[in-house]
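The values are calculated or read from the model by the stated rules, or taken from the named source; none is laboratory data. Keep in mind that this is a model prediction, so the values were computed, not measured. Cβ: placed from backbone, ideal geometry, glycine included. Neighbour counts: every protein chain shown.
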Amino acid sequence: MKISNVQKSFGRFCLNIPALTLEKGRMYGMIGPNGGGKSTAVKLLAGLLTPDAGAIDYEGLHPRDITLVPQKPYLMRDTVRANLVYPLQIRKIKPDKGVLDHFLSLAGLEDLQNAYAPGLSSGEAQKLALIRAMIFSPQLIIADETFSNMDMESQARFEKYILDRQRTAPVTWVVISHQLSTIKRLCSHTFFMQDGEIKEEGATGTLLESPKTQALKQYVEFMDGG
């Protein structure tokens, strides 16, 4: 997937991305201060927003093969299990009980599968939204602060599962997170966004350990508590 000269404006805010490339099967991180343009950028990637200028080349990727897990999940007013089945139904994929049970177990929601989904805690809702995104095997998964309200055990379990799955059935991920430790563990390449622009990008370890710009250096020091 390639972005070329994309711009998107909201009042005084303007997103301006001259170029961005996502290679198939890689995990990308996106970091930066609030209001820097991260969420706008991924909504454009997901096809939820249309650029004011420029183009996005999906290189044959169908919209139904892309999913965005927002920071605040949108859950249907139904059971946990019904929410998990929904993306399969709209794609005319027959739900497999074994697969459903597998993902419910991964999220620790097997005992809550008949519970009313909007009544879940924020952490439980995030876990449901994440397994709902993964269950239909999309080719691009965008996770916007998806791990922020999960307990440490659940996050570690998901991270291990995702990394293991990437080795056998890689898909493209874009992970937005203020948790730099999460970005380091999951992502091989990271973009730093500020003021609607990508200020730096590169291999995650190099980018975070040796920032080229003062803005990224200050951001890393602040997020690491230093």
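What to note about this one:
- Considering region 196-220, and only residues there that are charged (D, E, K, R) and out of contact with any Pro (no Cβ under 9 Å at 6 or more places or on another chain), the residue that is nearest to residue 166 (Cα to Cα) turns out to be 201.
- Applying the set (1) under 22 Å from residue 46 (Cα atoms); (2) in contact with a strand residue (DSSP E or B) (Cβ under 9 Å, 6 or more places away or on another chain) to residue 116 leaves exactly one unmet item: (1).
Rundown of residues vs (1) over 30 Å from residue 10 (Cα atoms); (2) more than 21 Å from the chain's Cα centre (by Cα); (3) in contact (Cβ under 8 Å) with a residue 40 or more places away in the chain; (4) crowded, with 18+ Cβ neighbours inside 10 Å, yes/no style:
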residue	(1), (2), (3), (4)
59	no, no, yes, no
68	no, no, yes, yes
111	yes, yes, no, no
131	yes, no, yes, yes
134	yes, no, no, yes
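- So residue 159, is it of a type in the set (Asp, Glu) and under 17 Å from the mean Cα position of the chain (by Cα): yes
- Selection count where residues are touching a residue at least 24 places away in the same chain (Cβ under 8 Å) and over 18 Å from residue 216 (Cα atoms), scope region 17-38: 7
- Residues of region 217-226 that are touching a residue at least 12 places away in the same chain (Cβ under 8 Å) and either farther than 14 Å from residue 29 by Cβ or surrounded by 20 or more Cβ atoms within 10 Å (Cβ to Cβ) (or both): 219, 224.
- Breaking point among (1) out of contact with any helix residue (DSSP H, G or I) (no Cβ under 8 Å at 6 or more places or on another chain); (2) within 25 Å of residue 46 (Cβ to Cβ), for residue 98: (2)
- Boolean, residue 29 is farther than 24 Å from residue 72 by Cβ and small (Gly, Ala, Ser): no
- Among residues of region 167-214, those that are free of Cβ contacts under 8 Å to residues at least 60 places away in the same chain, crowded, with 19+ Cβ neighbours inside 10 Å and of a type in the set (A, V, I, L, M), counted: 2
- Checked against (1) surrounded by fewer than 21 Cβ atoms within 10 Å (Cβ to Cβ); (2) modelled with pLDDT of 95 or more; (3) out of contact with any Pro (no Cβ under 8 Å at 6 or more places or on another chain); (4) within 24 Å of residue 93 (Cα to Cα), residue 107 passes all but condition (1).
- Restricting region 73-92 to residues that are in a helix (DSSP H, G or I) and of a type in the set (S, T, N, Q), the residue that is surrounded by the most Cβ atoms within 10 Å (Cβ to Cβ) is 83.
- Scanning region 22-72 for residues that are more than 29 Å from residue 149 (Cα to Cα) and either β-branched (Val, Ile, Thr) or not in a loop (DSSP other than H, G, I, E, B) (or both) gives 50, 53, 54, 55, 56, 57.
- Among the residues of region 81-98, not a single one is of a type in the set (S, T, N, Q), within 20 Å of residue 156 (Cβ to Cβ) and without any contact (Cβ under 8 Å) to a residue 24 or more places away in the chain.
- Among the residues of region 113-126, those that are surrounded by fewer than 18 Cβ atoms within 10 Å (Cβ to Cβ) and small (Gly, Ala, Ser) comprise 115, 119, 121, 122, 123.
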